[in-house]
1. Say we join alpha carbon atoms closer than 10 Å with springs in a Gaussian network model of chain A; which of A:81, A:158, A:21 then has the biggest fluctuation?
2. Once you order the gyration tensor axes a ≥ b ≥ c over the Cα atoms, which shape class does chain A get: rounded for a/c under 1.5, otherwise prolate or oblate by comparing a/b with b/c?
3. Which parts of the range A:114-147 would a label at residue B:15 reach, counting a residue when its backbone N lies under 19 Å from a point 7 Å out along Cα-to-Cβ?
4. For chain A, list the cysteines whose Cβ sits under 4.7 Å from no other cysteine Cβ?
5. Compute the separation of the alpha-carbon centres of the range A:162-178 and the range A:84-148 and state it in Å as a whole number.
6. Starting from the amide H of residue A:190, placed 1.01 Å from N in the peptide plane, find each other amide H under 5 Å away whose residue is 5 or more places distant or on another chain.
7. I need the phi-derived Karplus couplings for the range B:106-121: 6.51 cos²θ - 1.76 cosθ + 1.60, θ = phi - 60°, integer Hz, Gly and Pro marked x.
8. Percentage of Cα-Cα pair distances in chain B greater than 33 Å, rounded to whole percent?
Amino acid sequence: MAQDHDHGGDEEHGSELSEMQLRVRALETVLAEKGYVDPAALDVMIEAFETKIGPHIGARVVAKAWSDPAFKEALIADATQAVQTLGLINRVGDHLIAVENTPTLHNMIVCTLCSCYPWEVLGLPPVWYKSAPYRSRAVSDPRGVLADFGLTLPGETQIRVWDSTAETRFIVLPMRPAGTEGWGEDKLAALVTRDSMIGTGLPKDPKAVG
Amino acid sequence: MDGIHDMGGMHGFGKIEPEANEPVFHAAWEARCLALNRAMGAAGAWTIDEARFGIEELPPEVYLSHSYYGKWALRLEHMVVERGFAGADEIAAGHALRPGKALRRRFDLAAVPRSLTRGSFGRPAPAPARFEVGERVRTRNIHPSTHTRLPRYARGRVGVIEALRGCHVFPDTSAIGAGENPQWLYTVQFEGRELWGENADPTLKVSIEAFEPYLEGA
């Protein structure tokens, strides 16, 4: 279960915390008493988001694509179908699209209008992904955004930003790091960060993971 | 609608501040709020497009001053009252005072697995697609006061059809209860300079997912 803790700690956030706790509790009680929702079913949904669905799924997909050229080809052709074959999740929603980074092209995913995100393979989006700074700048100043993440790409690298304005969902297939020849999928998956699959980061340095 | 939610290209929001080892939820109420919102959608109380429009209808000062799940809580409260699923008096009392309204299905344990897969919004095509991959198109200069998925920064701009993504529920009509009205969906790619002018990053290309009614030949 999520722990109550006052992230941020400023007064404004603290007051929102207690106000929202009360409002959401009232809503849940009313909607349950009306017979619309079973609180036990909410528990199971929350548990899935906290423990089952997360970027570890995407990391397995990327590691498989790095290891198996036929799978990579299938992933780029139809990521929904390809991910389905791995059996990592019950069913993949329609129109998952994998976009591949190359030495000359870097992809980045955003939803400028709300918070669309490939959560079946990455879990729920982090706060920054849903925040005004990211949503406003990703489409106009992606290099500035990457600098906020401590990432500088060569000036000649083409930057491609995908604004998720419909029910299509995108996942970035980052480049396999050099120095990982002969690595198995488990070891490769440990290099794949959430941010590398959004395009605001790169996979971990293999030397740091060893 | 030309609301505060349509943030692409705006200035002044500052630096992005990623949180190291961020938890899935920062408080228990956020988890309950997410689950309640999704559960009511899964129960058939409203479509995803109506729910997104519900967030956009929050006043701009409310939108900017509340956290992500704070906005979800306000949206949920607003929508259950607006659609008659509960009264404001019941939410204030913290208890149901009257029997509930009929819903398509109750959100119970059996409904959970289905709710963990994204809905399917592909629909049979009513007509052949009007545009082909590689074709130049111009996005229309539209400003509906209701929900649309054509962001302001990409209106009236020339781009190239990069992919045809099938025929989907049209959010602009679905959001206002005017039906699914399926439309072809395209990935349209723009040069950074077409969107942001001559000082744009010359290495930048941006794409949107554009429904056919957003596009005209160029």
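We did not get these values from a lab; they are worked out from the coordinates using the rules stated. Nothing here was measured: the structure is a model prediction, and the numbers come from that model. We place every Cβ from the backbone using ideal geometry, glycine too, and count neighbours over all the protein chains shown.
1. Highest fluctuation of the listed residues: A:21.
2. prolate
3. A:127-138, A:141-147
4. Cysteines lacking a close Cβ partner in chain A: A:114.
5. 6
6. For residue A:190, no residues qualify.
7. 7, 7, 10, 4, 5, 8, 5, x, 5, 6, 8, 10, 4, x, 9, 10
8. Everything past 33 Å amounts to 27 percent.
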